[in-house]
1. Could you please find all residues in the stretch 144-177 being closer than 19 Å to T107 by Cβ, part of a helix (DSSP H, G or I) and more than 10 Å from the ligand (Cβ to nearest atom)?
2. State yes or no: is V125 open to solvent by less than 20 Å² (accessible area, probe 1.4 Å), in contact with a His (Cβ under 9 Å, 6 or more places away or on another chain), in a helix (DSSP H, G or I) and of a type in the set (V, I, T)?
3. Among the residues of the stretch 27-50 satisfying the criterion of being touching a helix residue (DSSP H, G or I) at 6+ places or on another chain (Cβ under 8 Å) and away from the ligand (no atom under 13 Å from the Cβ), which is farthest from A225 (Cα to Cα)?
4. How about the stretch 92-111: which of its residues are out of contact with any helix residue (DSSP H, G or I) (no Cβ under 6 Å at 6 or more places or on another chain), touching a residue at least 40 places away in the same chain (Cβ under 8 Å) and in a loop (DSSP other than H, G, I, E, B)?
5. Has the stretch 51-58 got any residue that is within 15 Å of the ligand (Cβ to nearest atom), open to solvent by less than 60 Å² (accessible area, probe 1.4 Å), in a helix (DSSP H, G or I) and without any contact (Cβ under 8 Å) to a residue 60 or more places away in the chain?
6. If I go through the stretch 205-244 residue by residue, how many of them are open to solvent by 70 Å² or more (accessible area, probe 1.4 Å) and in a helix (DSSP H, G or I)?
7. Please verify whether E44 is surrounded by fewer than 22 Cβ atoms within 10 Å (Cβ to Cβ), free of Cβ contacts under 8 Å to residues at least 24 places away in the same chain and closer than 20 Å to I186 by Cβ, treating the condition exactly as stated.
8. Please determine whether any residue of the stretch 62-69 is in contact with a Cys (Cβ under 6 Å, 6 or more places away or on another chain), within 15 Å of the ligand (Cβ to nearest atom), assigned to a helix (DSSP H, G or I) and without any contact (Cβ under 8 Å) to a residue 60 or more places away in the chain.
Amino acid sequence: MLLRGKKVVIFGIANEKSIAWAIARLFHEQGAELAITYAGEALEKRVRPLSESIDAAAILPCNVASDEEIASVFTALAKIWECVDIIIHAVAFANKEELKGSILSTTREGFATAMDISVYSFLAVMKAAQPMMLGRGGSALTLSFYGSMKVFPSYNVMGLAKAALEASVRYLSEALGHDGIRVNAISAGPIRTLAAAGVNGFHTILNQVELKTPLRRSITQEDVAGAALYLSSNLASGVSGEIHYVDGGYNIIGL
Ligand SMILES: NC(=O)c1ccc[n+]([C@@H]2O[C@H](COP(=O)([O-])OP(=O)(O)OC[C@H]3O[C@@H](n4cnc5c(N)ncnc54)[C@H](O)[C@@H]3O)[C@@H](O)[C@H]2O)c1
């Protein structure tokens, strides 16, 4: 029960394949109280029953492109909780047209959307969460991909967004460290999810990684959830500003 009584807000469950769903289940097993958000009405039908199955204390709509919707999440939570201990940010989005061809076909609008939803939203959520997280030894975690550091086919603007997200982890870590809040990221290997399906030729990335990764297998949502538990719990009380790879070791391979 590493998270007994800890209050956790989760952004990024779309369905039962979502990485955030594996995290939510494990955190529930470890004694956490959960607030689950979903991106809009269309997703409520899927997310509500999942959230109810793990006794979520709150199930709230939140399009992270809207500061008002982010604010209403924490206004609603302040009515039921005195504080928040842990934030899970597992949100990313780019238009499908941006995730094929080369980086040169990136549009100004597509760039802005990817950066807004996949990067700025983490800053916006932490800004809104900060007052409820002060001085509790809290932590925040976001999800990245190695496309931030190396070039993967079709990952394009999302690689740029993940690079900016990883820089945000470092800046947020410094800014929130005064309040005792740790900020980290997991850089996960490729996993078949809704978000991954948007990347043209994703199966090629997955196959290549399976062949070359030291563990010779792709990682699972549960692999990521285990590392998320460590990073979010007091076991990682001295860890902040880290990009922690959960990729079967793929990132250490040269050739
Ligand atoms: N699947 C992979 O191969 C992989 C690898 C490394 C990192 N990641 C990252 O993990 C995170 C979770 O992705 P996933 O693979 O579980 O896929 P997913 O599709 O299940 O999750 C992405 C989530 O982002 C949410 N989202 C998109 N736009 C939003 C908006 N405007 N407001 C609120 N929420 C919004 C979706 O509702 C969804 O819940 C993402 O940041 C993704 O980039 C995924």
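1. N156, V157, G159, L160, A163, A164
2. Working: open to solvent by less than 20 Å² (accessible area, probe 1.4 Å): yes; in contact with a His (Cβ under 9 Å, 6 or more places away or on another chain): yes; in a helix (DSSP H, G or I): yes; of a type in the set (V, I, T): yes.
Taking the combined requirement at face value, the residue satisfies it.
3. If we take residues in the stretch 27-50 being touching a helix residue (DSSP H, G or I) at 6+ places or on another chain (Cβ under 8 Å) and away from the ligand (no atom under 13 Å from the Cβ), then A35 is farthest from A225 (Cα to Cα).
4. K100, G101, S102
5. Yes, that holds for at least one residue.
6. Qualifying residue count, the stretch 205-244: 8.
7. No, not satisfied.
8. yes
The values are calculated or read from the model by the stated rules, or taken from the named source; none is laboratory data. A quick note: this is a predicted structure, and the numbers were derived from the prediction, not measured. A quick note on method: Cβ atoms are made from the backbone with ideal geometry, for glycine too, and the neighbour counts reach across all protein chains shown. The protein model used for the area step is the full one, side chains on, heavy atoms only, and it has no ligands, DNA or RNA in it. Shrake-Rupley method; radii C 1.70, N 1.55, O 1.52, S 1.80 Å.
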